[in-house]
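Notes for the one structure printed next.
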Amino acid sequence: MKAFVKSLLTTAFFCGAFAANASSVLYSNVANPLPWNVPSQAYEATSTSEFGGLISFAGPNYSIDGATVVMSNWALKSLWDLNGDSTGFNVPLTLNLYGVDAANTVGALLATNTADAFIPWRPEATGCDGQNGYDPGDGGCYHGLLAPVSFKFDNVIVPQQIIFGLAFNTQHYGQDPTGVSGPYNSLNFALSTDAPTVGSNPLPGTVYWKTTYEGGTNTFGPDAGWGDYAAAIQVTGTPEPTTCLLLGGGLVALSLIRRRRRA
């Protein structure tokens with residue numbers, strides 16, 4: 001009996017420690033450190049309203065408190081003198097989290113958050129690559145500048161697999177197109193070719209895309225043939241308490257079984 005009580009106390013401590021600890025990374029395919037730029041998915045140029053992917057966490061249930069996506073900005077201040085300030089511009093970006101239905105189709109909306117994202121201007125052209133690129137001093141030549149954008153979620157409980165989608169309005173596309181040109185027309189979603197360092201990608205080579213580009217149906221769903229490319233995202237949170245208790249309960253049961261075998 002003393003061993004059983006001790007096991008229960010250990011389980012309570014185990015779960016309490018999870019609750020007290022700061023959130024940790026549950027999924028990430030974001031390079032660290034970030035390079036100057038990577039290939040990216042343009043929204044205005046490819047008639048895109050929403051873009052994302054399907055990701056998997058290590059366990060069955062988690063409480064999500066935040067996520068960070070990586071954008072690639074191709075807009076120069078010299079071309080948008082009336083927009084933003086000397087350092088960058090703001091644009092509303094919306095990150096949606098969905099469940100996963102049969103055949104990996106998009107399920108119910110689990111959570112959504114809109115951030116008034118600040119996007120730094122990319123450096124002015126230095127004359128490389130047909131005069132349009134810039135060399136930041138490392139000998140490379142780039143056309144965009146990476147900008148992480150963070151979103152907050154109110155500890156939303158999600159299953160082991162979710163589909164995420166990033167949506168925003170450009171001049172002609174999105175839920176509510178602006179109707180006017182702006183630097184957001186040159187804002188793209190960065191693509192990672194790195195395997196996830198935490199979590200996994202259950203559908204390599206498949207993204208989720210809402211577009212009318214090249215016969216697209218304008219429905220957010222899977223699109224294959226992307227090779228190693230996947231939308232760059234990091235998700236943070238903690239194990240959901242029920243999951244923790246189940247894990248702890250398993251430890252208690254295992255402890256009792258071992259004790260009986262020794263008797």
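Sorting K210, K152, K77 from the fewest to the most surrounding beta carbons within 10 angstrom yields K152, K77, K210. Proximity of backbone amide H atoms, modeled 1.01 Å from N, is registered between S40 and L191 at under 5 Å, excluding neighbours fewer than 5 places apart on the same chain. Footprinting exposure proxy ranking of D129, D85, fewest other C-beta atoms within 10 angstrom first, gives D85, D129.
Quick one: Cα centre-to-centre distance for the stretch 133-206 and the stretch 33-77, in angstrom? Cα centroid of the stretch 133-206 versus Cα centroid of the stretch 33-77: 3 Å apart. Its alpha carbons give the stretch 43-179 an Rg and a Dmax of 17.7, 51 Å. Counted by neighbouring Cβ atoms within 10 Å, the residues L97, L34, L187, L76 run from fewest to most as L34, L76, L97, L187. Computed on the stretch 111-230, with alpha-carbon pairs under 8 angstrom and 6+ residues apart, the relative contact order is 14 percent. Taking 0.36 nm per residue of sequence separation and removing the Cα-Cα distance, the D129/D85 pair yields an extension gain of 13.1 nm. Along the stretch 51-67 the Karplus relation, 6.51 cos²θ - 1.76 cosθ + 1.60 evaluated at θ = phi - 60°, assigns HN-Hα couplings of 8, x, x, 9, 10, 10, 9, 7, x, x, 9, 9, 9, 8, 10, x, 7 Hz to successive residues, with x for each Gly and Pro. Residues whose amide H comes within less than 5 Å of that of G59, counting only those at least five positions distant or on another chain, are absent (H built at 1.01 Å from N in the peptide plane).
Each value in this text was obtained by applying a stated rule to the coordinates, not by laboratory testing. Every value quoted in this text rests on a predicted model; they were computed, and no experiment measured them. Virtual Cβ from ideal backbone geometry, glycine too; neighbours counted across all protein chains shown.
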